[in-house]
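Asker: Right, I'll just put the structure down here and ask away after.
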Amino acid sequence: MVGNTRFDAYRTPLLQFIADWNRSSVKSNLIENGPSYGGSDRLLLPSLASVVHALVDRHGMSVPDWVWNHRLDEDWALFCDPEEAGSFFWERALREAPPTCVHHRVFFHRRLLDKGTPDWWLPWT
């Protein structure tokens, strides 16, 4: 996951993963093997784990072991820079996040999980 900004690096691949998940008939195949990453971005694996954790919880599936291993030492809102802490989007992400985000300390609006479904474009509250 690379890009010119953190938004580019995370947004497109994560949104595509969520859409693929929502369209898949065999969801477990998408998450059974944990990702490998040798880079220095400390946000990458916790972000992915937070999204996967919320998706499997939503579908009543077992959380893969690898997901539990990835968490941050401080809160982060997906698609926000740390300097934005306290901003509208930051606070909304924390307030509207799935409960599973607490473990990883990576938060996002719960409607992000609707990508690839007919409800994706409905107004977000």
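Asker: Please list 3J(HN,Hα) in residue order for segment 55-71, calculated via the Karplus relation 6.51 cos²θ - 1.76 cosθ + 1.60 where θ = phi - 60°; whole Hz, with x for glycine and proline.
Answerer: Result, ordered by residue: 5, 5, 5, 4, 9, x, 9, 6, 7, x, 3, 4, 5, 5, 7, 10, 8 Hz.
Asker: Non-local amide H neighbours of ALA77 (under 5 Å, H modeled in plane, Pro and chain starts lacking H): which ones?
Answerer: When sequence neighbours closer than 5 places are left aside, the close amide H contacts are PHE107.
Asker: Calculate, in whole percent, how much of the Cα-Cα pair population of segment 44-125 lies beyond 16 Å. Before the final figure, lay out the partial values.
Answerer: Numbers: 1676 of 3321 pairs.
Percent of Cα pairs beyond 16 Å in segment 44-125: 50.
Asker: Quick one: net charge around ARG71, please, counting Lys, Arg +1 and Asp, Glu -1 for every other residue with C-beta under 13 Å from its C-beta.
Answerer: Values: positive: ARG42, ARG105; negative: ASP73, GLU74, ASP75.
With Lys, Arg at +1 and Asp, Glu at -1, the net is -1.
Asker: Additional query: Connecting C-alpha atoms closer than 10 Å in a GNM of the chain, tell me which of ARG42, ARG95, ARG110 has the biggest fluctuation.
Answerer: Of ARG42, ARG95, ARG110, the most mobile in the Gaussian network model is ARG42.
Asker: Short version: ³J(HN,Hα) in whole Hz for each residue of segment 12-18, in order, from phi by Karplus 6.51 cos²θ - 1.76 cosθ + 1.60 (θ = phi - 60°), x for Gly and Pro, what are they?
Answerer: After applying 6.51 cos²θ - 1.76 cosθ + 1.60, I find 4, x, 5, 5, 5, 4, 5 Hz.
Asker: While we're looking at this one, here's another question. Which value in deg cm²/dmol, rounded to the nearest 500, describes the helix-derived mean residue ellipticity at 222 nm for the chain, given -39,500 (n - 2.57) per DSSP H run of n ≥ 4 and division by the residue count?
Answerer: Working: 6 runs with 53 residues, N = 125.
Helices in the chain give a 222 nm mean residue ellipticity of -12000 deg cm²/dmol.
Asker: Among LEU72, ALA93, LEU113, which residue has its Cα furthest toward the positive end of the charge dipole of the chain, with +1 on Lys/Arg Cβ and -1 on Asp/Glu Cβ?
Answerer: The listed residue farthest towards the positive side: LEU113.
Asker: Here's a follow-up. Tell me, THR12, THR100 in order of fewest to most beta-carbon neighbours within 10 Å? Don't jump to the answer; show the numbers that get you there.
Answerer: Details: THR12 12, THR100 20.
Ordered from fewest to most neighbouring Cβ atoms within 10 Å, THR12, THR100 come out as THR12, THR100.
Asker: Still on this structure, I have one more. Please report the net charge: other residues with Cβ closer than 11 Å to the Cβ of GLN16, K and R +1, D and E -1.
Answerer: Values: positive: ARG11, ARG23, LYS115; negative: ASP20.
Around GLN16, the surrounding residues sum to +2.
Asker: Considering only the other residues whose Cβ falls under 14 Å of the Cβ of ASP114, what net charge follows from Lys and Arg at +1 and Asp and Glu at -1? Don't skip to the answer; put the middle values down first.
Answerer: Working: positive: ARG23, ARG58, ARG110, ARG111, LYS115; negative: ASP20, GLU96, ASP119.
Result for the local shell: +2.
Asker: Under 8 Å for C-alpha pairs, at least 6 residues apart: give me the relative contact order for segment 74-125, rounded to a whole percent.
Answerer: Details: 47 pairs, mean separation 16.7, N = 52.
It comes to 32 percent, rounded to a whole number.
Asker: Using the Karplus curve 6.51 cos²θ - 1.76 cosθ + 1.60 with θ = phi - 60°, what ³J(HN,Hα) values do you get for each residue of segment 92-98, in whole Hz, with x for Gly and Pro?
Answerer: Karplus values, whole Hz, x for Gly and Pro: 5, 4, 5, 6, 9, 6, x.
Taken together, the values in this text are just the output of simple stated rules run on the coordinates, not laboratory data. As the structure is a prediction and not an experimental result, all values here were calculated from the model. Don't worry about glycine lacking a Cβ; one is built from the backbone with ideal geometry, like all the others, and counts go over all protein chains shown.
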